[in-house]
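Asks: Sharing a structure here in structure tokens format.
The values are calculated or read from the model by the stated rules, or taken from the named source; none is laboratory data. What you are looking at is a predicted structure, and each value in this text was computed from that prediction instead of being measured. Cβ coordinates were reconstructed from backbone atoms using ideal geometry, including for glycine residues, and neighbour counts include every protein chain displayed. In case anyone asks, the SASA skips ligands and DNA or RNA and just uses the protein heavy atoms, side chains included. Shrake-Rupley method; radii C 1.70, N 1.55, O 1.52, S 1.80 Å.
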Amino acid sequence: MTRITKRFRTLNRSLHLQSQRETSNSWNSQMRELAKHGHYRQSLHLYRRLLRSGGSPTAFTFPFALKSCAALSLPAAGAQLHAHAVRAGCEPDPFVQTALIAMYCRCGSVENARKVFDESPQSKTLTVCYNALIAGYVYNSQMENGIVLFLRMRELDVWVNAVTVLGLVPGFTDPVHLGFGRCVHGFTVRCGLEMDFSVGNCLLTMYVRCGSIELARNLFDGMPMKELITWNAMISGYAQNGLATHVLELYREMESSGISPDPVTLVGVLSSCANLGARKVGLKVEQQVECSGLGFNPFLKNALINMHARCGNLARARAIFDDMTEKNLVSWTAIVGGYGVHGQGEIAVGLFDEMTKSGIQPDGTVFVSILSACSHAGLTDKGLDYFALMERDYGLKPGPEHYACMVDLLGRAGRLAEAQGLIESMPVETDGSVWGALLGACKIHRNVELAELAFDRVIKLEPMNTGYYVLMSNIYTEAENSEGVLRVRMMMRERKLIKDIGCSYIEYKGRNHLFMAGDRSHPQTEEIYRILNELEGLVKELSGYKKNYQERRNEELVSGIGVHSEKLAIAFGLLNTGLGMEILVIKNLRICGDCHLFIKLVSKIVDRQFIVRDATRFHHFEGGACSCNDYW
DNA sequence: TTAGGGTTAG
């Protein structure tokens with residue numbers, strides 16, 4: 001062979017190799033782009049095309065293909081890729097190993113992931129491999145294994161980075177995890193990882209999930225720089241813990257610090273508007289949603305349905321719901337629950353049936369909504385039917401929350417013995433809510449004997465919940481059993497329990513004005529009390545109220561609680577908005593019988609509709625014909 | 001390998 005021929009062949013081979021390299025580079029970059037943008041099927045399709053065209057996958061090819069298998073949960077395809085990687089000699093590559101571990105974990109086969117990890121001596125020194133396996137354990141709810149591996153990493157002095165923490169910490173989701181979560185937090189502080197935005201946000205969410213909102217807030221306050229996700233984590237944390245006023249305060253703070261909200265922020269804010277009945281803020285958010293072109297976000301649409309329903313505008317909630325092209329389970333739950341709190345059980349039932357007919361599988365949450373809708377509307381038998389088909393037709397095991405709804409349903413209908421029987425036959429562990437529901441029913445039907453039994457059980461389960469003591473004390477008061485009242489109050493004193501301070505909010509000009517019982521801190525206090533005295537004078541004139549009113553008033557004076565907070569809120573509303581108003585009062589306690597009557601009579605006097613909300617439901621008070629859709 | 005979302009009774 002001549003030198004020229006030899007050189008030509010060498011050149012040709014090198015050109016061939018170069019072109020193959022260029023080709024696989026091009027395949028790889030295309031696959032990466034597709035996988036990066038979530039087009040996993042197309043990415044895998046490209047991999048198959050690469051093989052068909054006779055190309056050879058490289059160590060750069062496998063991570064993208066494996067990631068696609070993981071995202072699509074295709075264990076068989078993933079295992080096939082594993083075999084290809086071994087054949088191509090790419091398995092020892094750290095990126096391939098990491099991708100293999102992640103793929104097996106995402107496909108639910110942690111054992112295979114562990115095998116990949118154990119069989120490679122180098123993986124035991126590589127942070128990325130530990131990270132993938134720790135995140136995989138957490139993903140598969142094997143927290144203990146995740147923690148053990150993390151500790152092993154520390155023991156072997158393997159470098160721990162932010163991703164290690166981000167893989168492990170989301171697994172701390174329960175108060176029992178708080179101790180270890182705090183240790184990991186301490187570790188991040190010591191090695192300076194806390195300053196990483198992602199780590200800080202992740203720890204913040206961990207505290208929220210473990211039920212320690214105060215620690216979350218401490219961390220939040222200590223962060224020198226807060227990005228949108230940080231604000232969102234804190235806002236959502238408050239929203240999920242029912243601290244709606246904190247959400248609105250923080251949202252205001254966020255806006256004034258110049259950060260623009262995104263859909264995640266607005267969802268949290270809308271959910272809090274719903275809880276508070278803060279209609280004005282809710283409407284402002286709705287405008288923002290429309291202006292910013294976020295109106296198509298399904299999360300936001302569901303949050304808007306909920307907000308409108310809870311803030312009294314069921315028609316608007318329904319319009320948004322009807323307008324949705326793709327209604328998911330949460331959309332149905334929101335609208336069913338909306339009709340439920342408005343006492344329109346028949347419509348709620350119709351919607352629920354429509355939902356199941358459309359092929360959507362109900363879950364435990366939507367059953368809570370429909371059972372409570374039946375309960376509030378007096379559809380007792382219908383509720384019993386739904387409860388029965390929950391497990392029979394949908395394989396959903398009723399939890400204590402469903403039993404609490406059923407006890408409430410039977411209890412309101414006066415079927416107290418059946419309610420008690422249901423609790424005693426519960427196959428799941430009971431909690432305070434179930435006996436609490438029975439206690440509530442005993443109050444409606446004035447059954448002191450059964451109330452004593454329910455009270456005895458409920459305080460064993462929730463000894464620190466003041467609401468139940470107050471409820472029992474009120475039952476004794478109504479039964480004119482002063483010994484009983486004294487006994488309950490003594491119990492509260494012995495246990496150092498202080499009754500939550502009742503407070504009412506009223507939304508005026510987009511802000512919530514808060515009043516507590518006997519409150520005199522509001523700048524308009526003098527005028528508020530003047531209006532209140534006038535109103536009290538007027539309601540006293542109405543027959544049947546005078547004697548009762550005076551007795552109650554004396555009781556208030558003796559107990560030293562002063563004027564109830566709802567009255568102050570109503571007086572504030574009338575003072576500032578005159579008669580053409582719609583009032584939203586939100587309480588964290590039940591409206592007592594006296595205030596209920598007071599509001600009802602005031603609505604008659606001023607001939608206007610009031611919408612009053614307590615912690616759990618709406619009450620409509622209309623002037624003229626009173627249409628209270630309530631039960632006491 | 002990696003941080004933040006909607007619906008729930010009493």
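Asks: Sort the following peptides by mean Cβ neighbour count (other Cβ atoms within 10 Å, averaged over residues), highest first: A:131-143, A:353-365, A:452-464, A:409-421.
Replies: A:131-143, A:409-421, A:452-464, A:353-365
Asks: Next question, about the same structure. When the Cα centres of region A:414-430 and region A:445-524 are compared, how far apart do they sit, in Å?
Replies: Each part reduced to its Cα centre gives a spacing of 24 Å.
Asks: Less than 14 Å apart at the alpha-carbon level, and either on another chain or at least 8 residues along: which aspartates and glutamates does that give for A:LYS124?
Replies: Result set, ordered by chain and number: A:ASP93, A:GLU155, A:ASP157.
Asks: A further question on this structure: Could you grab the relative contact order for region A:316-374? Cα pairs under 8 Å, six or more apart, rounded to a whole percent.
Replies: Relative contact order comes out at 41 percent.
Asks: Let me ask another. Around A:LEU396, which amide H atoms from residues at least 5 apart in sequence, or from another chain, sit under 5 Å from its own amide H, with H modelled in the peptide plane?
Replies: Those qualifying (amide H under 5 Å, at least 5 residues apart or on another chain) are A:GLU391.
Asks: Here is a follow-up. Could you order the peptides A:307-317, A:265-275 from most to least packed, using the average number of other C-beta atoms within 10 Å per residue?
Replies: Order by mean packing, descending: A:265-275, A:307-317.
Asks: Please give the FRET efficiency for A:LEU497 paired with A:CYS291, using the beta carbon to beta carbon distance and R0 = 60 Å, rounded to the nearest 0.05.
Replies: That pair, A:LEU497 with A:CYS291, gives E of 0.80.
Asks: What does the highest-first list of A:326-339, A:178-191 look like by mean Cβ count within 10 Å?
Replies: A:326-339, A:178-191
Asks: Please list, or write none, the lysines whose alpha carbon is within less than 23 Å of the alpha carbon of A:LYS540, excluding same-chain residues fewer than 8 places away.
Replies: Correct list for A:LYS540: A:LYS567, A:LYS600, A:LYS604.
Asks: Here's something else I'd like to know. Can you give me the Cα centroid spacing of region A:102-116 and region A:226-260 in angstrom?
Replies: 37 Å
Asks: Could you put A:ASP408, A:ASP174 in order of accessible surface area, largest first, with the 1.4 Å probe and the full protein assembly present?
Replies: Putting A:ASP408, A:ASP174 in descending order of accessible area: A:ASP174, A:ASP408.
Asks: Which FRET efficiency value, to the nearest 0.05, do you get for A:ASP221 and A:ALA71 by plugging their Cβ-Cβ distance into 1/(1 + (r/R0)^6) with R0 = 51 Å?
Replies: Efficiency for this residue pair is about 0.85.
Asks: Still on this structure, please answer the following. So which aspartates and glutamates can A:LYS226 reach, going by Cα to Cα under 18 Å and dropping same-chain residues fewer than 8 places off?
Replies: The reachable aspartates and glutamates, counting only those whose Cα sits under 18 Å from A:LYS226, are A:GLU194, A:ASP196, A:GLU214, A:GLU249, A:GLU253, A:GLU255, A:ASP262.
Asks: Here's a follow-up. Under the rule a/c < 1.5 gives rounded, and otherwise a/b versus b/c splits prolate from oblate, where does region A:155-297 land using the Cα gyration tensor?
Replies: Prolate, since a/c reaches 1.5 and a/b exceeds b/c.
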